[in-house]
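> One structure, pasted below without further comment.
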Amino acid sequence: IEYILSYYYNKVNDVKFSSSLGKFVGFTEPGVKWAEDWNSDAAYLAALNAQKETYCLNNVGNDHRNI
């Protein structure tokens, strides 16, 4: 299970957070700058990593139960 948060502008993926990496990765020039800024905030990264526990793992069985 992986929690992914992506930011797009004009259909271009600028920056993405991946819970498996535990940090943001920038794909464009502005995205790299945003990733560096957001990766320097340990509290923000911890909150996003906690989203995997609160959202993903609690809902992992819902799709299989409804089939």
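> Just subtract the alpha-carbon distance of Val12 and Tyr55 from 0.36 nm times their residue separation and send over the number in nm, one decimal.
Result: 12.9 nm gained on full extension.
> Per the 1.4 Å probe, what fraction of the accessible area of the chain, in percent, lies on carbon and sulfur atoms?
53 percent
> Separate question: Which whole-Hz ³J(HN,Hα) couplings does the stretch 33-39 yield from phi under the Karplus relation 6.51 cos²θ - 1.76 cosθ + 1.60, θ = phi - 60°, glycine and proline marked x?
Karplus-based 3J(HN,Hα) across the stretch 33-39 equals 5, 5, 4, 4, 5, 6, 5 Hz.
> Given the whole protein assembly as supplied and a 1.4 Å probe, what does the accessible area of Val32 come to in Å², nearest 10?
The accessible area comes out at roughly 60 Å².
> Please report, for the Cα atoms of the chain, the Rg to one decimal and the Dmax as a whole number; what are they, in angstrom?
Just the Cα atoms of the chain yield Rg and Dmax of 13.9, 43 Å.
> Keeping all protein chains in place, calculate the accessible area per residue for the chain (probe 1.4 angstrom), answer in Å².
About 73 Å² of surface per residue is accessible.
> Amide H to amide H under 5 Å from Lys23: which residues, 5+ apart in sequence or cross-chain, H placed 1.01 Å off N in plane?
Counting only residues 5 or more places away or on other chains, the set is Ser18.
> Okay, next question. Return the distance in nm (one decimal) between the two label points of a simple spin-label model at Trp38 and Ile1, each offset 7 Å from Cα along Cα→Cβ.
Roughly 2.1 nm, to one decimal.
> Further question on the same structure: Taking the chain as a Gaussian network, where each spring joins two C-alpha atoms under 10 Å apart, which residue of Lys52, Lys11, Lys23 fluctuates the most?
Lys11
The values are calculated or read from the model by the stated rules, or taken from the named source; none is laboratory data. Everything numeric here is computed off the predicted structure, so don't read it as measured data. Neighbour counts run over all protein chains shown; Cβ positions are idealised from the backbone, glycine included. Surface areas here come from the heavy atoms of the whole protein model, side chains and all, with no ligands, DNA or RNA. Shrake-Rupley method; radii C 1.70, N 1.55, O 1.52, S 1.80 Å.
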